[in-house]
Amino acid sequence: MSFSFDESVSSDLYVIKDFIQNVLEKLNVIIDDESVLFDIKLILNELVANGVIHGNEYDKKKKVNLSVKIVQKSIRIEVTDEGNGFEYDLASYDSMDLKCSGRGLVIVSGLSDEFYIKKNKVVAVKYLS
């Protein structure tokens, strides 16, 4: 099984909903496991929304780039925004602080088998059975 999707979307929260739905419809044809599709939907929503909100600061002139690739038995999701990037230590997130910022990345990390952050690019890899 192989799949490749590489597109950009404007930093508009109303637009990204249809953008992500389009990707999910394509993946639905390839991936049969509903729980995996649910995880992928959460990952896509969190990462693309983070790019819009935190990376591009809602600037509709800036784009969020999404690359989704299925190779053999894994799906690789890469999201890049036009922001300055950031350094984030997942271990430093304390859920008892009740902060909203950072929670999405913790969720994505928990749903992914591999998770990387480098400046303004976030990569999540999920193994498929």
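Restricting attention to the alpha-carbon atoms of the chain, what are Rg (one decimal) and Dmax (integer), both in Å?
Looking at the chain, its Cα Rg and Dmax stand at 14.2, 42 Å.
Considering only protein heavy atoms and a probe of 1.4 Å, how much of the accessible area of the chain is carbon and sulfur, as a whole percent?
Details: 3870 of 7740 Å².
On the chain, the fraction of accessible area on carbon and sulfur atoms equals 50 percent.
Please work out how much length the chain gains when fully extended from Tyr116 to Val15, using 0.36 nm per residue of separation minus the C-alpha to C-alpha distance, in nm with one decimal.
Values: separation 101, 0.36 × 101 = 36.36 nm, distance 2.57 nm.
Answer, rounded to one decimal: 33.8 nm.
Between Asn120 and residues 5 or more places away or on another chain, which pairs have amide H atoms under 5 Å apart, with H built 1.01 Å from N, and which residues are they?
Residues meeting the criterion, in which the H sits 1.01 Å from N, are Phe86.
Could you name the lysines whose alpha carbon sits less than 21 Å from that of Lys73, not counting residues in the same chain fewer than 8 places away?
Result set, ordered by chain and number: Lys26, Lys41, Lys126.
Give the cross-link partners of Lys61 among the lysines, using a straight C-alpha distance below 22 Å as the criterion and excluding same-chain residues fewer than 8 apart.
Lys17, Lys119, Lys121
The values are calculated or read from the model by the stated rules, or taken from the named source; none is laboratory data. This structure is a prediction, so every number in the text was calculated from the model and none was measured. For accessibility, only protein heavy atoms count, side chains too; no ligands or nucleic acids. Shrake-Rupley method; radii C 1.70, N 1.55, O 1.52, S 1.80 Å.
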